[in-house]
Structures are given as C-alpha cells and as structure tokens.
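Asker: Following this message is one structure expressed as structure tokens.
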Amino acid sequence: MTTSGPFGQQQSHEPNPFQPRPAGPGTGHQPVLNKGDSKNYTRTGRLKTAASLTVGFLAVEWIIHIINFLFFGSELGQYGIHPLDFNGIWGIFTAPLLHANFEHLIGNSLPGAVFCFLIGLSGRKAWWEVTIIVVLIAGVGTWLLGGPGTSHIGASGVVYGWLAYLIVRGIFNRSLSQFLVGLGLGFAYSGLIWGVLPIYEGVSWQGHLFGAIGGIVAGMVITSDDPMRKVKPAPRGVMN
C-alpha cells in the first residue's frame, strides 16, 4: 500500500522484508537474567544467589548432623567412604554430609561458608559444576587411596576443593579481579596446605588432597564462571 506524502512523493506502508524487526517478548538471543552462566547475572542476582547457596549449604550440614546426633547416636558416620569396599562406594556422595562431632562440623562450616558464598557469586550453574567435580574427584580419590579398613567423613574435601578452585580460576579465566581474590585467599588460608600431607593422625589428608585436585580441575574445565567482558563499541562509519 502506498500513499502520497506532503510533497507528492510516494510513501510505502508495506513491511520491508530486509528491515530488522524489533525483538519482541521471547524473541532474539537475549539471555535470561540471573540464570545460566555467570555473565548473565546482575549484581543483585549474584548476591541473592550466593546468599541462598551459603544458607542452603550450612542448613543441610547442620540439620543432618543434629538429626544424626539426636536420633541416631552419631551412627550415620558408618555411611562414609570405605576405601576399596564396593559396599561403601556410595559414601562418595554421603560422606560430605556427615561429621564426627560439632567441632568437626564447625571447622568445616566457617571456611566453607566463605568459599561457598564467593563461588555462588558466579551463579548457580558455576557453583553446581564446581561442587560436583570436587565431590566426585575427592570421593573417588579417597576411595582408591584412602587405606583399607578406614572410614572417611566430613565436608573438608569439598572445602579444600572450593578453596583450590577460587585460587586458580583467575588464571584460567584471565581475570585480574579473580586472580587477586585467589591470591588473598591463598595467603589467608595458607595454613590449610598442611592438611594435604599425611602428618596428622586421624585426618583424611587423601580427601583434602583429591578435593584440592578437583578444585583445580574445575577451574580448568568449566566456562560458566567466565566474568563479564567489556565489549568495545564498533567503529563509526565515515560520512562524506
């Protein structure tokens, strides 16, 4: 359909098939905010996600321990990792939820909450990917080399994995801010390095060591934690 303009020129009201259409609701490639990769999160979304993950981590650990203490006489500790025992291989998944006593639980809860929050700032997807990798590598490594006849429980393997991930992720993401955070954590928690060595009786150094290895692997392989990059504006065209 065409009409005459105010100066006699023809104006077309037919849609131009080559004219880009504005993106309507549910169209285009706009990412969903506060879901998926870290770069899709807003600042408020990061804080809320990190806080909810940290509260969830602490709630699960403490509720399970209190139930175990009050109703099972701490007998649930038998569901830890039993190295080279196929009957106890499920302990790979249950061991991080069990603790010997309240001192053991508190010792993992304090640093665990800090590391959990910092990873949670990258979003749920990154948090789950890091945690699953750490749990699997820490658990399998402990099951293989933890020593026959022993039992391993506690979230310390996960805590070591989270810390190792936070220390190295800035290197693989080429992020100065993440690198500086990792450097600060490395200095602040440098004393934990002794936990990966077989020098303390009754301490699962294998879980700590393989947890840390899992954290390094997570830092190497996942991409959902990549920080937002500043996009340079396209050069303007030259007008004659």
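Asker: Just checking, does the range 112-125 include any residue being under 12 Å from GLY214 (Cα atoms) and part of a helix (DSSP H, G or I)?
Answerer: Looking for residues that are under 12 Å from GLY214 (Cα atoms) and part of a helix (DSSP H, G or I), one finds none in the range 112-125, hence no.
Asker: Something else about it: Please work out which one of (1) open to solvent by less than 20 Å² (accessible area, probe 1.4 Å); (2) of a type outside the set (D, E, K, R); (3) on the phi > 0 side of the Ramachandran plot is the condition GLY202 fails and give its number.
Answerer: Going through (1) open to solvent by less than 20 Å² (accessible area, probe 1.4 Å); (2) of a type outside the set (D, E, K, R); (3) on the phi > 0 side of the Ramachandran plot one by one, GLY202 breaks only (1).
Asker: Let me ask something else about it. Look through LEU58, LEU76 and report the one residue that is among the aliphatic types (A, V, I, L, M) and farther than 27 Å from GLY149 by Cα.
Answerer: Going through LEU58, LEU76 in turn, just one is among the aliphatic types (A, V, I, L, M) and farther than 27 Å from GLY149 by Cα: LEU58.
Asker: Please tell me if ILE167 is under 14 Å from the mean Cα position of the chain (by Cα), open to solvent by 30 Å² or more (accessible area, probe 1.4 Å) and hydrophobic (A, V, I, L, M, F, W, C).
Answerer: Considered against the rule, which asks whether it is under 14 Å from the mean Cα position of the chain (by Cα), open to solvent by 30 Å² or more (accessible area, probe 1.4 Å) and hydrophobic (A, V, I, L, M, F, W, C), ILE167 comes out as yes.
Asker: Among the numbered conditions (1) free of Cβ contacts under 8 Å to residues at least 60 places away in the same chain; (2) under 30 Å from LYS39 (Cα atoms), tell me where TRP90 comes up short.
Answerer: (2)
Asker: Inside the range 153-192, can you point out the residues that are aromatic (Phe, Trp, Tyr) and either in contact (Cβ under 8 Å) with a residue 24 or more places away in the chain or at positive phi (or both)?
Answerer: TYR160, TRP162, TYR165, PHE172, TYR189
Asker: Would you confirm whether or not the range 136-145 contains a residue that is part of a loop (DSSP other than H, G, I, E, B) and open to solvent by 10 Å² or more (accessible area, probe 1.4 Å)?
Answerer: No, the conditions are met nowhere in the range 136-145.
Asker: Identify, from the list ILE132, ILE92, ILE106, the residue that is more than 22 Å from VAL217 (Cβ to Cβ) and at pLDDT 95 or above.
Answerer: ILE106
The values are calculated or read from the model by the stated rules, or taken from the named source; none is laboratory data. Source: prediction; values computed, not measured. For neighbour counting, all protein chains shown are included, and Cβ atoms are generated from backbone atoms with ideal geometry for every residue, glycine included. With ligands, DNA and RNA removed, areas are computed over all heavy atoms of the protein, side chains included. Shrake-Rupley method; radii C 1.70, N 1.55, O 1.52, S 1.80 Å.
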